[in-house]
Each structure stands twice: as C-alpha cells, then as structure tokens.
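Below is one structure, written out as structure tokens; comments come after it.
Every number in this text was worked out from the coordinates using simple rules, so none of it is lab data. Source: prediction; values computed, not measured. Note that we place each Cβ from the backbone using ideal geometry, even for glycine, and neighbour counts take in every protein chain shown.
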Amino acid sequence: MKISSSKSIIEFLLFEKIEFIFGYPGGAVLHIYDEIFKSGIKHILVRHEQAAVHIADGFSRTSNKIGVVIVTSGPGYTNCITGISTSNFDNSSILILCGQVIKELISQNSFQELDNMNLSSTIVKNFFSLNCYYNIQYLISNSIEISKKKKGPVVIDFPKNLTSNNLKVRSKFPFFKKKKKTICIINFNFNFKRPLFIIGGGIKNNFYKKIFDYFIYFIKIPFVSTFMGLGGFNYKNLYYLGWLGMHGDSDVNNFVHFSDFIICIGTRLDDRITNKNNLFSPYAKIIHIDNNKNSISKTIFCNNFYITDLINLINKNIKKKNILIWWKFIIFLKKFFKKKYKNDFFFCKPQQIVEFIFFLSKGRYFISTDVGQHQMFAAKYYNFNFKYFVSSGGLGTMGFGFPASIGIKFANKNKKVLLITGEGSFQMMMQELSTCKQYKINIVIINLNNQSLGMVKQWQELNYNNRYSNSYIASLPNFKNLINSYNFYSFSFYNIKKFYYLFSKILFNDIFCFINVYINQKENVFPIQLFNKSMCEFITFYSIKKYDKKFNFSYL
C-alpha cells in the first residue's frame, strides 16, 4: 500500500504517539496541513511562531515526550529562531517541521525563501533538508531519535513540492530499534576533606533522580544545584545546601569556593556559575559527568570526566574520610548568611509574594517563569519538586514563561500551572491569551509589576550611577481591561494581605486568572556576584572575603 508523502508525515507522528502539533500555517506547508485536517491529530494554533516553539519546549520538559512544531518558510521559520536557541541551550527535545519553497526555486531568492540551514546551524542538534520524498519517513524517524538522545532541537526542511499529495511512498515506517541501556559503573575515591556535588539540569529525569537520591543518602556527601538543576531532586533532602551562581545563595557560593573535591553532574559550568574561570574553586579537584561531550571542560578544565548517558554510583572501593569538620564549616556559613529581607505587611515585596505562593501551594504546582528579577525571586524563595520548575536558563529569553506554561498545561492537564512573570516579559508574548481562550487553557499568572525592566534597572544602579536609560516602562496597558477582554479573571493588588486572601481562594478553582501585584520598585535581587571575581566575592548583607585568610584549609 502506498500513501501520499504528506500523509506519511502525519502517519509516522501518530505511530510515534505524538499527541500534539504546535504551529502556524503558511503556503509552504499547506499540503501537510491538509493531511492534519483529514487525520484528526490535535493541532494547536498559536498566534506567533516563537510561541509555538516555547509551548513545545514547556511540553517536552515536563512530559518526557518530544514537542513537535510546524511552521512555514521564510518569516515563519525566522520567527522560531529565538525559541530554537532557547531549546538548544536548555536541552529540550523538540522537532521542528519547516516548510520551504519548491525544489526548483531554491537558491533563486524566491518569495519567502531563506537558507534555513545556515541560519540555524549553530543552534540545532541536527538539520535535515529533504531532497527526495522517499526519504521522508527515514528523516522523521532519525530526527526523533536524535532529539531524544541528544536532548535538543532538530529541524527538517520540506520543499513544498516534495510533500505533494501526488507523490506516493510505501506505508512502512523504518524506525531505529531502541538500544538497550548499558550501565556505566563509576567508582570514586572520596579521599578528600571537603567534597561536594554540583547538580545541573541534566539530572532532570526519573532514572537519574532515583540513582542520585540513593547515592546521596548512602554516601552522605552534601550537594548544591545550579539554577537549571532546581527541581531535579527532592528539595527536602538533608544534604541539599542550596543553589549557586551569580544570584545564588551566598553560603553556597562559598561552599563551592572552599571545596577541595567537586563532582559535576549534568552541568556545563557556564559563566553565570563560575564568574571568573581561573578563580573558580581554586582548592578543588573537579570530576565531570555528562552525556554531552561538548559540555566537558567547556569553561572549566576537569581533571577527570565520564561521557555517559547512565550513571550508576555504587559502593565499591570507595575511600571516604571523616568530613565532620567540613559539616561544621557548612553549618557556620549557613548561620552567618542567615539574614534575609525585611518583612513588610503593608506593601507587597516580591520575596513575600513567592513565599506565600509556596506556602499556599505546598510545592505541588508547576511553576514557570520569564526572565528577570522575578525569575530570581522565584528560584530563591520557592522550593521546587521534581520537574516542577520551568524557566529559560542558558539563553535567558524574555517572553518564554507564558507560552511555556501553556505547553506545561497541555502535558499535565490535571495539574495546576502557575506563571511568575514581570510586565516587561509578559508583553512580549501576551498575544497567546487568544490561544488560551481558544483551547480553554487555565493557568494562574502572577505579574510582579514594578513598572520597570527590573534586572536592567538593578545593573544601572550598581554600574551606571543610577542612570536609568530606557529601563522604565511609561506606557503599560491596563492589564485588568486587557485580560477581561478575553473573558478571563483579573485582579490588581498593592496590599500583601489582600493578595494572600485572594490567592488562597483562586488555588481551589480551575480558572484562568491574571493577578497584577504592584511591588516596590527599589527592591533588588541579592546576593549578586562581583564581575570578574571569585565565587566568594559578591554584594550581599555580609561578605566573607575578608575572613578568607583566617581559615586554615590544611586542617579543614
């Protein structure tokens, strides 16, 4: 039996149990859209192609499934570039089906023709350009396997004439047999005084989580998380110390700085973690474990590394010293940096808002964020369960949070999804309110409104002598009227008590709700590392750098 080449695309997606396709139609993909109409596969119409990729990203991160996107040629694909870059940085499994002009018109500057391969060669795991319709099934099969294995975006470029209904292919789906996973046995010698684990975003799958939790409870070694690693483990773990980085916990940055043995799992140690590379953990021997060889020694040289997809840490030939003094040092620093923000029960403080959200939700809901101060407040004051935190880490994409939360809802229909955002980020993708209305997507949006681009403003205060160049937004919309125009619920607050009362009621209702909370404009995110300095040099309530010489590390 033979079927049309465009139908074979849809049939294979159904064969792979793809539940949703996120996209926006255009001339170059109309053959495929015609088959979508006939097949009954669930297509989600977005209002902007960038949002389609972000939705697929959020869907993929919280479901262990592949997110599929379909867009047309030219501007349809270029609108996806930001979303593809975000997915590539944060390793989300996404397949992008992109239309292209007919084969005879390629390289002739035709209408809506672009060289998609060269445009995106550095931000995708693989790019395939279809040159013969007989290869359609093979390319899709190959692309899905690559995206799952390499954890990133894969693009297939379809010339329109090769997806014509007149072209027939065999209805046999060549697919790759899944290889049996092999266990890589890794034995460590903990013959060190100040050992520490650093856990990154690569830990976020069930298998790694079970192995890691078992190992930590067995070996009793403390661990810290990167920003992207949040939600990859049980936050109630007694050996979890916090997260590190530019805005990470002050004590955690010091733990990493003074450690003498660091094991990194699933993190590439980018500049937001290490600050100045040659000053990162000067006392430590570093071991790196990752399934992506490009992440090994990318910024920080590692003495030993293991490129493996499965990690089995077992009790065999492990030599471990007594690290009681190291734990005493950890407890001391925890107390030293215990001071937090001052409470204010009349005006809304973003830290209080996030803590109230965690207290009322008890960490059981999915949290998505955009990028900015609100993102850091959410990371610092909300304790995340496994895979319940979705944010743009590597690229830092403003506008990511809203469409990503829609994708989370598609992947977890019976779960509550909360979006913590800012007015600057929300306006970049607020057209997707229409998508929420069409598909009855109910999420709760908490907009921490300081009427400025908060992170930009903070940097201008610290580095540009309070010269606020274009960091204040002077023409914000009336959010309440905007949200109400879509027949959604909307509320605005200046008072923390009223917010607490309303939010406690909303959590028990399955509705779309936008909560606009006006917060103090002068509230900033601390600590913040000093540029081009070591991990333990930062702006906060206290600094421990002056005590550096008082610690005798030969005895610690």
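Quick look at the numbers
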read-out	value
Between helix 30-39 and the chain: long-axis angle, C-alpha atoms, 0 to 90°, nearest 10	90 degrees
Per-selection Rg to Rh, region 345-407 - Cα, Kirkwood hydrodynamic radius	0.97
For the chain, diffusion coefficient by Stokes-Einstein and Kirkwood Rh (Cα), 10 °C, 1.306 mPa s, µm²/s	63 µm²/s
Furthest towards positive pole of dipole, V390, T435, I506, structure part region 350-519, Cβ charges	I506
Beta bridges by DSSP in the chain, antiparallel share as percent, to the nearest 5	10 percent
Counted charge near Q438, where neighbours are those whose Cβ lies closer than 12 Å (Asp, Glu -1; Lys, Arg +1)	+2
From phi via Karplus (6.51, -1.76, 1.60), per-residue ³J(HN,Hα) for region 370-377 in Hz, x at Gly/Pro	8, 10, x, 4, 4, 4, 6, 4
Sequence of V169, V354 once ranked by neighbouring C-beta atoms within 10 Å, starting from the fewest	V169, V354
Cα-based convex hull volume of region 1-49 per residue, rounded to whole Å³	76 Å³
For E423, net neighbour charge (Lys/Arg +1, Asp/Glu -1) across residues whose Cβ lies under 14 Å away	+1
Ellipsoid equivalent to region 356-453 - semi-axes via the Cα gyration tensor, in Å	18, 18, 12
Debye log10 I(q)/I(0) at q = 0.15 Å⁻¹ for region 350-519, Cα point scatterers	-0.80
Taking the C-alpha atoms of region 335-378, convex hull volume expressed per residue in Å³	103 Å³
Residues D57, D115, D510 arranged by fewest to most Cβ contacts within 10 Å	D510, D115, D57
Under-5 Å amide H pairs with I473, H placed in peptide plane, nonlocal only	S452, L453
Per-residue HN-Hα couplings for region 498-504 [Karplus 6.51, -1.76, 1.60; θ = phi - 60°; Hz; x = Gly/Pro]	5, 4, 4, 5, 5, 4, 5
Under 5 Å, built H, 5+ apart or other chain: amide partners of I519	N449, N450
Within straight-line cross-link reach of K338, aspartates and glutamates at Cα separation under 13 Å, skipping those fewer than 8 residues along the same chain	D249, D251
Nearest-20 debye value, region 401-541 charge dipole, Cβ charges on Lys, Arg, Asp, Glu	420 debye
Cα-centre dipole for the chain with unit charges at Cβ (Lys and Arg positive, Asp and Glu negative), debye to 20	2280 debye
Per residue, the convex hull volume that the Cα atoms of region 2-170 enclose (Å³)	95 Å³
Residues whose placed amide H lies under 5 Å from that of F305, excluding near-sequence neighbours	H288
Rg(Cα)/(2.2 N^0.38 Å) for region 206-257, N = residue count	1.13
Residue pairs, from the table K193/K276; K17/K480; K335/K505; K276/K334; K148/K349, whose Cα atoms sit over 30 Å apart	K17/K480; K335/K505; K148/K349
Helical mean residue ellipticity (222 nm; -39500 (n - 2.57) per DSSP H run of 4+; nearest 500) of the chain	-9000 deg cm²/dmol
N414 versus L360: modelled label distance in nm, points set 7 Å from Cα along the beta carbon direction	2.4 nm
Highest average packing first - 4-13, 238-247, 37-46, Cβ atoms within 10 Å	4-13, 238-247, 37-46
Note, ³J(HN,Hα) from phi for region 49-54, Karplus 6.51, -1.76, 1.60, rounded to Hz, x at Gly and Pro	4, 4, 5, 4, 5, 5
